[in-house]
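Engineer: Provided herewith is a single structure, encoded as structure tokens, for subsequent inquiry.
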Amino acid sequence: MTESGEDLLRRALTEAIAELAGSRRLVVVEVAAEGVTAFDLHRDEAGTSRGRERPMTRWAGQTAEGGGDGATPSPFEEGSEGATPAEGGRDGATAFPAEEAAVRATWLPVDARVVLVRSAPDGGPVGRAMEALRAARPDALALNGGGVPVAVLLREIVAAEPLRRPYDLVVLRRHPVTGRLRLACQPLFAMETRRGALSEVTVQCEPSDERGTVFAVVAWQDRRPVLVSVHAVKLPPGRYEVTAMLERPGRVRFSGLPSLTREDRSWTELVSSVPARLGPPSGPAHLICAVETTGPEVQLGERLRRVSQLVTELAGELSGLLQVSLVTYGAHSYDPRIPERPVDVVDWEVSPDDAQESLKILEESRAGRATGHGAAEPGYPYAAQVEDMLAEVAGRLGPPGGRRRTVLLTVGARPPHPPRRHASEILPCPRRVDWERQVRDLQRHPGLVFGAICDQPPERAHPAWARLGENASAHLDTLDPQGFCADLGVTAPGVQRVPFPLMAMP
Amino acid sequence: MSSDQGRRPGDPHSIAIWGAPGSGKTTFLAALNIALILKNGPWRIIGADPGSLDFLKEMTDKLTHQRRFPEATSTLSDYRWLLSRRPEEQVKGLLGRRKGSPAWRIGVNVLDAPGRSFGAERTGHGTDREALIDELALSRGIVYLFDPIRELTDGDAFSHLHGVLADLAGRMLAKDEFGDDMLPHYLAVCVTKFDEIKVLETAEKLGLLGYPEDVQESPRVDDEDAEELFRELCAASPSGNARLVLPTLNQFFHPERIKFFVTSSIGFYVDPEKGRFDPDDVQNLTPEASADGPQGPGSGNRIRIRGPVGPINVMEPMIWLGQRMAGEQQGKEAGG
């Protein structure tokens, strides 16, 4: 069985389109009875074939009204997101002699692949135009057209292409312990998937803003997501079974939801509207309070009172589920006359009441020891044993793995000691403990969050305090216990608007 | 060489330790005493009179026992010291001639720059400008202390140097006594505070650090490389004037009479238990707590010396000057 002219043309164009990649371009020139039409095609970042149809260049003596192809729809105008409209449109067509029309049609990028399609009998302007085009681009593939206009043929080929990149739905994943939200992807269609394929996903929609929940589809290009489409729909909070259908490369339609509309907000705007955390997770929590004991007594008393406030706040929110540890740390001694005082674990995993009692004793004993408002603790004055405290806490927590919510609350002012000589001129930790490494180790605990209350304003505090207060930070004088606990993700922050669907938990 | 009690008018063989106010002259002298004791060689520093001896003992005790820096004093010019070398054991040579070095005594005077004249009110005390010029004119060896840390903050080394040298040259060269319009002194330029991180790291960056196989294994900068470090530190001075220091010295002194040394009066920290230099923990200074709450480096806390004092290159400039001056004197005596 021999292939018809249309089959040959379809196969040739399919192969030519399949070879589009990166910056390569394809130009298909249709020489018809009415004139010459060129179609530019390329592949976008998401791997979808895109193109545009140039205005027809008519033979001399022809008019737009007289041209039969004038009404043929462009494959790139109908539903082609991101396509550039045809320049000038068909109504703007102008009549030219055949050779001139052919030459005009050859203003092509030199690196573009060219396919010439003759859709009308040879002879007259069609023959002369084909001859001129072949002369202009001897490398061009020349084929005879069938009964189907090239525009229609191209549309069918593009729609039938398999996916060149996998498509995912953008969702949010919520940390089961801390409630932290992060953007993630739910696979919809694998590579090579063709139109008509279906994919079912179950998502949880939280309250959104007035524009609704955003259903964004991305394609993956070298581990980098590229947006394919972004639509939104206003939904009541709840669980939704959604069916995604691949209409064609570049277009995914969702069913099981009310009608979606195109989302106009920028991607940056959408991403920045995602809250850091969602809701208060339930379950036990462990609050580790590490208090620096250096500095004037009045300052230390204030630190202890702030810790007491937070213990009270959290104990109220998590009745019966809170355990508290209390650790104090001071200054290293580099003077042999002053003995080194190690980090003191006053309490470990005790009830909030016991911790409050310890805080009270600590404050009283400190006040008793004080010699006045400005009493200074002996030892090195420019830093404190932050790094030793972190090592002590990390050692007691053991290897990462538990999912219990843990808060490391550091309250103080001074920076840690560096592990070795440093341009800051702060003396190195006598045990060479590296505070940054300790922080990294603690960050591996899936349920651990960092909170810091610093005596210094952020602009004056050592950069270590930004790490210690990664999840919540406050100045000693302006602590809002409720807001601080909400920032830590251990209490409810109030009504939250979530722009993307959440991956539903099984 | 002189063998009397300190400086005499006209004595050409004294060494002047000179530097900007607060550049560590008194500490340098005390460190010199410690370095000579540690060396256990023929050299020692002695007081030229009981008062100077007591002052030296007090400063040395301050540095070693109390681990504090001597306070700046305005009475430095009242004291006189002698760098003394015991005669070496004399043995018969092959030809029956006697060998060995004779006893040396070189006067050592510590001079402040005229601080008041230059508005140096921060540390140290200025001496009378005329007295300073007199002292320098009487000496033939100068230890010039260049404090790169002070230069980074105050940037006044050039202003302390230039006026004094110009006056000194005016005084000494007016009579055309020296023939070539150059000052007759030997000059040991000492880059001080090598133990400070900024100085150490500058030397490290330039690849100038060497680690001799001594007990503590502290790094050193070879005397041959000291000028390069000096230039680099001058170039880093924010005032921009420090780059004028070296040309100024070359303008007044014979280049072959100038030698550079990288020094530290207290040395790097060496853990007494380990007895070894640790490149990760080098600072031999530590601040003391104050009642003013959290502070940081440079906030003015009282400073103490953290570990044992191990002077670096403090003795060497003095001995180099002593040898040069002695050699010159012997040459003159031989020439009649």
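Engineer: Can you tell me which residue among A:Val411, A:Val449, A:Val433 is more than 14 Å from chain B (Cβ to nearest Cβ) and hydrophobic (A, V, I, L, M, F, W, C)?
Structural biologist: Only one candidate passes the filter, namely A:Val449.
Engineer: Specify the residue that is surrounded by the fewest Cβ atoms within 10 Å (Cβ to Cβ); the eligible residues are those in region A:1-24 that are touching a His at 6+ places or on another chain (Cβ under 8 Å) and modelled with pLDDT under 90.
Structural biologist: Out of the qualifying residues, it is A:Ser23.
Engineer: Please enumerate the residues belonging to region B:300-324 that are within 14 Å of another protein chain (Cβ to nearest Cβ) and of a type outside the set (S, T, N, Q).
Structural biologist: Once the filter is applied, which keeps residues that are within 14 Å of another protein chain (Cβ to nearest Cβ) and of a type outside the set (S, T, N, Q), region B:300-324 yields B:Gly300, B:Arg302, B:Ile303, B:Arg304, B:Ile305, B:Arg306, B:Gly307, B:Pro308.
Engineer: Moving to a separate point now. Give the number of residues within region A:332-346 that are touching a residue at least 60 places away in the same chain (Cβ under 8 Å) and in contact with a Ser or Thr (Cβ under 7 Å, 6 or more places away or on another chain).
Structural biologist: Within region A:332-346, residues that are touching a residue at least 60 places away in the same chain (Cβ under 8 Å) and in contact with a Ser or Thr (Cβ under 7 Å, 6 or more places away or on another chain) number 2.
Engineer: Among the residues of region A:313-321, is any under 38 Å from the mean Cα position of the chain (by Cα) and under 21 Å from A:Arg396 (Cα atoms)?
Structural biologist: yes
Engineer: Filtering region A:375-395 down to residues that are more than 33 Å from the chain's Cα centre (by Cα), touching a residue at least 60 places away in the same chain (Cβ under 8 Å) and not in a loop (DSSP other than H, G, I, E, B), which residue is nearest to the other protein chains (Cβ to nearest Cβ)?
Structural biologist: So, considering only residues that are more than 33 Å from the chain's Cα centre (by Cα), touching a residue at least 60 places away in the same chain (Cβ under 8 Å) and not in a loop (DSSP other than H, G, I, E, B), the one nearest to the other protein chains (Cβ to nearest Cβ) is A:Ala384.
Engineer: Next question, about the same structure. Inside region B:140-218, counting only helices (runs of 4 or more DSSP H) that do not spill past its ends, which hold 3 or more residues that are of a type in the set (Val, Ile, Thr) and at pLDDT 85 or above?
Structural biologist: Filter on region B:140-218 gives B:197-205.
Engineer: If you don't mind, another one. Need a quick list: strands (runs of 3 or more DSSP E) entirely within region A:268-355 having at least 1 residues that are of a type outside the set (Lys, Arg) and on the phi > 0 side of the Ramachandran plot.
Structural biologist: Passing ranges, in order: A:344-350.
Let's see how each residue does on (1) surrounded by 14 or more Cβ atoms within 10 Å (Cβ to Cβ); (2) closer than 21 Å to A:Arg155 by Cα:
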{"position": "A:Met191", "(1), (2)": "no, yes"}
{"position": "A:Arg194", "(1), (2)": "yes, yes"}
{"position": "A:Glu200", "(1), (2)": "no, no"}
{"position": "A:Asp222", "(1), (2)": "no, no"}
{"position": "A:Ser229", "(1), (2)": "yes, yes"}
{"position": "A:Pro249", "(1), (2)": "yes, yes"}
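Engineer: List the helices (runs of 4 or more DSSP H) that sit entirely inside region A:407-506 and contain at least 3 residues that are surrounded by fewer than 22 Cβ atoms within 10 Å (Cβ to Cβ) and out of contact with any strand residue (DSSP E or B) (no Cβ under 7 Å at 6 or more places or on another chain).
Structural biologist: By residue number, A:435-443, A:481-488.
The values are calculated or read from the model by the stated rules, or taken from the named source; none is laboratory data. Given the structure is predicted, the values throughout are model-derived calculations rather than measurements. In this analysis, Cβ positions are derived from the backbone assuming ideal geometry, glycine residues included, and neighbour counts consider all displayed protein chains.
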